[in-house]
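Some notes on the structure that comes next.
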Amino acid sequence: MKIAISATASDINSPFDPRFGRGASFVFVDTETGKWETYPNTAVSASGGAGIQTAQFVAKHGVQAVVSGGFGPNAFATLNAAGIKMFVARDGTVQELVKKLKAGELQEVDAAKRTVGLRHARGGGR
Amino acid sequence: MIIAVASGKGGTGKTTVAVNLALAANSANSLFLDCDVEEPNAALFLHPTLEHRKEVGILIPQVDEAKCTACGRCAEVCQFNAIAVVGQKVLVFPELCHGCGSCTLNCPEEAITEVLNVTGVLESGPAGAIQFWQGVMDVGQAMATPIIHQLKTRSLEVQPPDGLAIIDVSPGAACPVVEAVHGADFCLMVTEPTPFGLHDLRIAVEVIRDELHIPVGIVVNREGVGDSGVDEYCAAEGVPILMRIPLDRRIAEAHSEGVPVVEALPEYRAKFITLYGRIQEEVAK
């Protein structure tokens, strides 16, 4: 499975970034092979709609799941339309979170109930 | 003649000055436009009979899924990230859309049509001899500018300003203020003689006089509070002070009851007529 994790820097050992839309970088990891690559998030400086732009960016990389600290309503809607699963983490490095995800220790955002993952909706859609 | 009444800082007395100037000027064929669409309140003092009501908003894209190939061009050209393409799906976010039409123009399949997203209403009707208009933005909306634009366009279309048109502007110095004062012959800036009043007045003067090139004049309201900063600034900048309204409990009492100052305190009628004369002199310069 290919996943994306928001990260504070472009390295698999860097701490994860709890912000989705304005997360500094994204690390893309193939959970089967352990291979990874990373790109800076160009939506960081968007005046509005950063979550939407970031969601399209990770969708273009063909990921099946994302890990972040939370997902705003617009990011959620876009990721949901793309069929990407959302997982919520609190802390740790990207590497540690990959392990946690594989071990089933991260909470998934329930698209129907949407009870988790609202914490870091910072952009507010503006 | 179109006179805009702005301030920079909020709560300095824009509406008080705009309403009383309109009543005192007693001009034939006059218009009053409340462009403070986030919280219009001039109607509380002018008591118009609102006869006409029209929903307004912005045109947002509607995608015809049968024609759309999900090429992503619309999302690429949108400067506001208001339209997203993921896989074969297109998502529109109305609250982010500015209604610019770029997606519609750039769609190679002509799959986008524009539909009205209602964000507020325009209301109009007579208030005595004055033709009154106001824009009211819906709660939860963030973009005042399109409503102000339509308020000005429609009211001035119905009744071209061969008489007097007074525009009550919102506080601040950003897009809604620029939209409201644009095209005015003169901008009256109401301030209070405090460091806060001066701070925001200075920014508003920079926008309206220096960038939009609209002549400005000052009304100092609640004179007697604060300090001499506003006077010193006006002297240094060559901005004329056209009227001074003292801090007077009777004005506040009339205001709290929705009674215009010129009606509660008749001596103010002459003062506002003088203000109107001084504005005409400034415009003629």
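Filtering the range B:66-98 down to residues that are touching a residue at least 40 places away in the same chain (Cβ under 8 Å) and surrounded by 17 or more Cβ atoms within 10 Å (Cβ to Cβ), which residue is farthest from the other protein chains (Cβ to nearest Cβ)?
Ranking the candidates gives B:Cys68 first.
Is one or more of the residues making up the range B:100-117 surrounded by 14 or more Cβ atoms within 10 Å (Cβ to Cβ) and hydroxyl-bearing (Ser, Thr, Tyr)?
yes
From (1) assigned to a loop (DSSP other than H, G, I, E, B); (2) among the basic types (Lys, Arg); (3) within 29 Å of the chain's Cα centre (by Cα), pick out the condition that doesn't hold for B:Arg53.
The failed condition is (1).
Restricting attention to the range A:85-96, report how many residues are of a type outside the set (Ser, Thr, Tyr) and over 10 Å from the mean Cα position of the chain (by Cα).
6
For the range A:34-59, give me the residue count where each residue is assigned to a helix (DSSP H, G or I) and either closer than 21 Å to A:Glu105 by Cα or more than 9 Å from every other protein chain (Cβ to nearest Cβ) (or both).
The total comes to 6.
Just to be sure, is A:Glu96 surrounded by fewer than 14 Cβ atoms within 10 Å (Cβ to Cβ) and either out of contact with any helix residue (DSSP H, G or I) (no Cβ under 6 Å at 6 or more places or on another chain) or under 30 Å from B:Cys78 (Cα atoms) (or both)?
Answer is no for this residue.
Rundown of residues vs (1) under 24 Å from B:Ala127 (Cα atoms); (2) outside the structural domain of B:Thr12 (by TED's automatic domain parsing); (3) outside any helix (DSSP H, G or I); (4) out of contact with any His (no Cβ under 7 Å at 6 or more places or on another chain), yes/no style:
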site: B:His199; (1), (2), (3), (4): no, no, no, yes
site: B:Ile214; (1), (2), (3), (4): no, no, yes, yes
site: B:Ile218; (1), (2), (3), (4): no, no, yes, yes
site: B:Phe272; (1), (2), (3), (4): yes, no, no, yes
site: B:Gln280; (1), (2), (3), (4): yes, no, no, yes
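Kindly provide the set of residues from the range A:65-84 that are within 10 Å of chain B (Cβ to nearest Cβ) and closer than 24 Å to A:Lys99 by Cβ, ordered by number.
Residues satisfying the conditions are A:Leu79, A:Ile84.
Does A:Gly62 satisfy the condition of being in a loop (DSSP other than H, G, I, E, B), at positive phi and within 14 Å of chain B (Cβ to nearest Cβ)?
When the stated conditions are applied, A:Gly62 passes them.
Can you confirm whether the range B:9-25 contains a residue that is more than 14 Å from chain A (Cβ to nearest Cβ), part of a strand (DSSP E or B), touching a strand residue (DSSP E or B) at 6+ places or on another chain (Cβ under 7 Å) and among the basic types (Lys, Arg)?
No, every residue in the range B:9-25 fails to be more than 14 Å from chain A (Cβ to nearest Cβ), part of a strand (DSSP E or B), touching a strand residue (DSSP E or B) at 6+ places or on another chain (Cβ under 7 Å) and among the basic types (Lys, Arg).
The values are calculated or read from the model by the stated rules, or taken from the named source; none is laboratory data. This one's a predicted model, so the numbers in the text were calculated from it and none came from an experiment. Positions of Cβ are generated from backbone atoms using ideal geometry, with glycine treated the same way; all protein chains shown enter the neighbour counts.
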